[in-house]
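Right, one structure below, let's go through it.
The values are calculated or read from the model by the stated rules, or taken from the named source; none is laboratory data. Please read all numbers here as calculations on a predicted model, not as lab measurements. Heads up, the Cβs are rebuilt from the backbone with ideal geometry, glycines too, and the neighbour counts pull from every protein chain shown.
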Amino acid sequence: MQTYDYKEIEKKWQDHWLTHKTFKAVTDTSKKKWYSLVEFPYPSGEGLHVGHPRSYTAMDIISRKRRLQGYNVLFPIGWDAFGLPTENFAIKHKIPPAEITARNIDNFRRQCQSIGFSFNWDREVNTTDPDYYHWTQWIFLQMFKHGLAYKKEMSVNWCTDCKVVLANEEVVDGKCERCHHDVIHKVKSQWMLGITKYADRLIDDLDEVDYIERIKITQKNWIGRSYGAEVDFESTAGDTLTVYTTRPDTLFGATYMVISPEHPYIEKWADKLTNIEDLRAYREAAAKKSEMERTQLNKDKTGVKLEGVQAINPVNGKNIPIFISDYVLISYGTGAIMAVPGHDTRDWEFAKVYDLPIIEVVKGGDVTQEAFTDCNTGIMINSDFLNGLTVDEAKVEIKKWLISKGLGKEKVNFKLRDWVFSRQRYWGEPIPVVNCSHCGWVALPESELPLKLPDVPSYMPTDNGESPLALMESFINTKCPKCGSAARRETDTMPQWAGSSWYYLRYCDPTNSEALASKEALDYWMPVDWYNGGMEHTTLHLLYSRFWHKFLYDIGAVSTKEPYKKRTAHGMILGEDGGKMSKSRGNVVNPDDIIRDYGADTLRTYEMFIGDFEQPAPWSMSSIKGCKRFLDRIWGLRDIMTTDNDYSDDLKSAFHRTIKKVSDDLENLKMNTAIAAMMTLLNEIYSKGSITKLELKTLLILLNPIAPHITEELYNDIFGGFIHEETWCTYDEKLCIDDTIEIAVQINGKVKAKITIGTDDDEAAVLAAAKTETAVIAAIDGKTLVKEIYVKGRIVNIVVR
RNA sequence: GCGGGUGUGGCGGAAUGGCAGACGCGUCAGAUUUAGGAUCUGAUGUUAAUUCGUGCAGGUUCAAGUCCUGUCACCCGCACCA
């Protein structure tokens, strides 16, 4: 027996694939295409995590299988290399970020190649390459020209340690996602992208794509569309206060109003408000609260009543008090609500604190005990012309009434906010606009792209919150492209998520210098047929890239409405202790070590065998051995190979079944059961003691997508040629079934015996056979026969009394 | 609080309403080996029991891990969104 030297074999085939460009993807419209995509990694100094190969191996399996099925396959990889960790490393070690990035990319590339992924290495993209971010900047300019990128003074999340603005998505539990320091609010002028203009389409078009359901649900909830009404309340100050509500049906129960502490009317009404100082003090206290305090501590309702101005409920003309409270957010709806304590939990809590009247307008609960918020069962009461209606009917009637009186309108609102798109950092794409004292913000001409990131003496952010670029006079000072007078460049850079919002397009045509990609290449390769990635990007990268893609579709740059036809998500690989893998826990597994000790094929097989692909799974060093043994036993098959080139009679149906099982399971990301099926077959082969040539060839092809090196080697050695030039196996449904099977015989649902029957035997014959079993005879002896059931090929159940 | 997910042997996990525990790890026994490791063979939910067993309590069914009602626990996300 030849020894299975995985180190030598894996190196040999990796070199072969690279030098022969085996997996090169060429645009060829005469062939049917397949585009599989994995999230390109951030090339950190730590190197590849064992989580990466879970996703990458799965899509590598699909890609390799598609090639065997005759598809022209695009399976690219690249590097999402802008971002804070590299910049922080640069600051600490005084090494230029570009140098660190190049070094990290080399390491990541080496690691990916050492696992044997069939990536298209001639299509690598790198978001920090000026030829790449040229087009990131170009897309920004198109958005700017279409009014989707705009500058706005706004309260932003400010990390006190990183000294940088964070997106809402980067704030976790009121702390910086990266450094875990406190996040406070700070007013700064920021670039914004108008993702909210696409909110409806980002929800509605989910119906057209094949994403796993939990991704769709998460995106829908994040966008948070709600249907309601805006209602105008007159005030004793003369101004109209507009509120947004999803429950206009409860208008008769509105006994007070709450406006956000930042609501502009407070200052407008300053001279009418006798307690303006109290109101201002409350507002200032609310602003000083960190995100942490606002969300975690003290959920008890607080507020201050406006003394001197009241609102008038439009349905009954009653004067009602107005409060300010930080439970009403200035950023959502109109920053003002009508409070219906009988039917809203928060309003009920507030009313209890300030002893405000609670009116029941929907019957069904006990509003003296808690708010009754159920919309489905209640009937309207104490509501004049709405009395007796259901909630749904009342919503329709009140809206009609409000519209006819000119007091309100239907309104749809979203939780989604526009995207804060500037960062006060060095290591990101420069924003290609200049500020001119005459013309305001002016776009750079496209001919001046890419606007290159200059070398700076220091990467340290400044204490006043400006980017390090702000210290570089030679970069800042320029001329206005419009009027030619002196102007200053924008010194903020784009966030981490910019480059990844369109990278899948660049893969189609990665070296194009005229456009982000040629129309021809995009029309051929797009959309992505299958995209797998982490759940953690559902409301970040995945949503952002759908937004950018829709914009590019609107301006005619791409011809599909959605970028990804299908999206799946893998579960996280946890440490051996069941917790998240992290340096601080000391439970990190380095893929390099596994490859050294067990080989790349074993790593791939183990990561696929570890459990349900979509569920989190704890790492286990001892379980890896089982996968290594499996491959060792595959290696040993040639020693028991016969010269016969057909399926053997006793394994024929087992092989057909396994081909079917593996083919189906791989498509459904059930690699664990596909591998189990091959292990079962292998056990049968060994207990039989021999395998035919055809059987071995079949098994190698089935295993090839999962363990490509060992299967290439065996195939090449035994059959000659290359397994990657083979064709995926087919099966015959009829041959998947054995002629005879063993089924259980139950009496009253309890198994009493097992009988072997012919697969095609009819019910009478099977029942007759069942009744010859001694255990069955004993169990039905002296009892009355109630019912006899035979489910073809499955089970016999005899019911007796 | 809201949304999503998960509860099955010592462990990871399998089961179109039809023999629960496939497959693998671990463990035990045997073979081989100077020994260890590796490998091979067999056993391995539980019970005195063909007894009981899929978080818990009910229900539907000839038949429930799977369907229905209620309930508990854990994990992940969001978090005063009117």
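Filtered by the rule that a residue be surrounded by 15 or more Cβ atoms within 10 Å (Cβ to Cβ) and of a type in the set (Lys, Arg), segment A:389-414 gives A:LYS395, A:LYS399, A:LYS411.
For segment A:586-624, a tally of residues being free of Cβ contacts under 8 Å to residues at least 60 places away in the same chain and either buried (at least 17 other Cβ atoms within 10 Å of the Cβ) or touching a Phe, Trp or Tyr at 6+ places or on another chain (Cβ under 8 Å) (or both) returns 6.
Only residues that are in contact with a helix residue (DSSP H, G or I) (Cβ under 8 Å, 6 or more places away or on another chain) and near RNA strand B (Cβ under 9 Å from one of its atoms): list them for segment A:216-237, please. Within segment A:216-237, A:THR218, A:LYS220, A:TRP222, A:ARG225, A:GLY228, A:ALA229 meet the criteria. Screening A:GLY720 on (1) outside any strand (DSSP E or B); (2) touching a Gly at 6+ places or on another chain (Cβ under 9 Å) shows it passes everything except condition (2). Would you be able to say whether some residue in segment A:579-594 is assigned to a helix (DSSP H, G or I) and within 13 Å of RNA strand B (Cβ to nearest atom)? The answer is no; no qualifying residue exists.
Conditions tested, residue by residue: (1) assigned to a helix (DSSP H, G or I); (2) without any contact (Cβ under 8 Å) to a residue 60 or more places away in the chain; (3) over 20 Å from A:TYR715 (Cα atoms).
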| residue | (1), (2), (3) |
| --- | --- |
| A:ASP639 | yes, no, no |
| A:THR643 | no, yes, no |
| A:LYS661 | yes, yes, yes |
| A:MET678 | yes, yes, no |
| A:GLU695 | yes, yes, no |
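Annotation for segment A:33-47: no member residue is at pLDDT 95 or above and on the phi > 0 side of the Ramachandran plot.
To keep it simple, each residue is scored yes or no on (1) among the hydrophobic types (A, V, I, L, M, F, W, C); (2) assigned to a loop (DSSP other than H, G, I, E, B); (3) touching a residue at least 60 places away in the same chain (Cβ under 8 Å); (4) touching a Pro at 6+ places or on another chain (Cβ under 8 Å).
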position: A:THR377; (1), (2), (3), (4): no, yes, no, no
position: A:PHE385; (1), (2), (3), (4): yes, no, no, no
position: A:GLY388; (1), (2), (3), (4): no, yes, no, no
position: A:VAL396; (1), (2), (3), (4): yes, no, no, no
position: A:LYS399; (1), (2), (3), (4): no, no, yes, yes
position: A:GLU410; (1), (2), (3), (4): no, no, yes, no
position: A:GLY428; (1), (2), (3), (4): no, yes, yes, yes
position: A:ASN435; (1), (2), (3), (4): no, no, no, no
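The residue that is nearest to A:ILE710 (Cα to Cα), counting only those in segment A:615-629 that are within 6 Å of RNA strand B (Cβ to nearest atom) and among the charged types (D, E, K, R), is A:ARG629.
Of all residues in segment A:241-251, one or more are more than 16 Å from the chain's Cα centre (by Cα), assigned to a helix (DSSP H, G or I), within 14 Å of RNA strand B (Cβ to nearest atom) and of a type in the set (Val, Ile, Thr).
Among the residues of segment A:680-692, those identified as touching a residue at least 40 places away in the same chain (Cβ under 8 Å) and buried (at least 21 other Cβ atoms within 10 Å of the Cβ) are A:ILE685, A:ILE691. For segment A:355-388, the tally of residues that are surrounded by fewer than 20 Cβ atoms within 10 Å (Cβ to Cβ), more than 38 Å from the chain's Cα centre (by Cα) and under 22 Å from A:TYR244 (Cβ atoms) stands at 3.
Checked across segment A:610-620, the condition of being outside any helix (DSSP H, G or I) and over 23 Å from A:ASN532 (Cα atoms) holds for at least one residue.
Before we move on, is A:LYS415 within 13 Å of RNA strand B (Cβ to nearest atom) and part of a loop (DSSP other than H, G, I, E, B)? In short, yes.
Scanning segment A:503-546 for residues that are of a type in the set (Phe, Trp, Tyr) and in contact with a Lys or Arg (Cβ under 9 Å, 6 or more places away or on another chain), we see that the one that is surrounded by the most Cβ atoms within 10 Å (Cβ to Cβ) is A:TYR507.
Taking each residue of segment A:22-51 that is within 30 Å of A:ASN587 (Cα to Cα) and looking for partners that are among the basic types (Lys, Arg) with beta-carbon atoms closer than 8 Å, six or more apart or interchain, yields A:GLU46/A:LYS583.
Checked against (1) touching a residue at least 40 places away in the same chain (Cβ under 8 Å); (2) surrounded by 21 or more Cβ atoms within 10 Å (Cβ to Cβ); (3) closer than 26 Å to A:TRP13 by Cα, A:GLN113 meets all criteria but (2).
Every residue, every condition in (1) within 12 Å of RNA strand B (Cβ to nearest atom); (2) hydroxyl-bearing (Ser, Thr, Tyr), yes or no:
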site	(1), (2)
A:TYR715	no, yes
A:PHE722	no, no
A:CYS729	no, no
A:ASP732	no, no
A:LYS752	yes, no
A:ALA778	yes, no
A:VAL800	yes, no
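Just name the residue that is surrounded by the most Cβ atoms within 10 Å (Cβ to Cβ) out of those in segment A:247-301 that are modelled with pLDDT of 90 or more and hydroxyl-bearing (Ser, Thr, Tyr). Per the criteria, the residue is A:THR250. Hey, could you check segment A:754-770 for residues that are surrounded by fewer than 16 Cβ atoms within 10 Å (Cβ to Cβ) and away from RNA strand B (no atom under 12 Å from the Cβ) and say which is nearest to A:ILE737 (Cα to Cα)? Only one residue fits best here, namely A:THR759. The residues of segment A:520-538 that are free of Cβ contacts under 8 Å to residues at least 40 places away in the same chain and charged (D, E, K, R), listed by number, are A:ASP523, A:GLU536. The residue that is surrounded by the fewest Cβ atoms within 10 Å (Cβ to Cβ), counting only those in segment A:453-488 that are assigned to a strand (DSSP E or B) and out of contact with any Lys or Arg (no Cβ under 8 Å at 6 or more places or on another chain), is A:LYS479.
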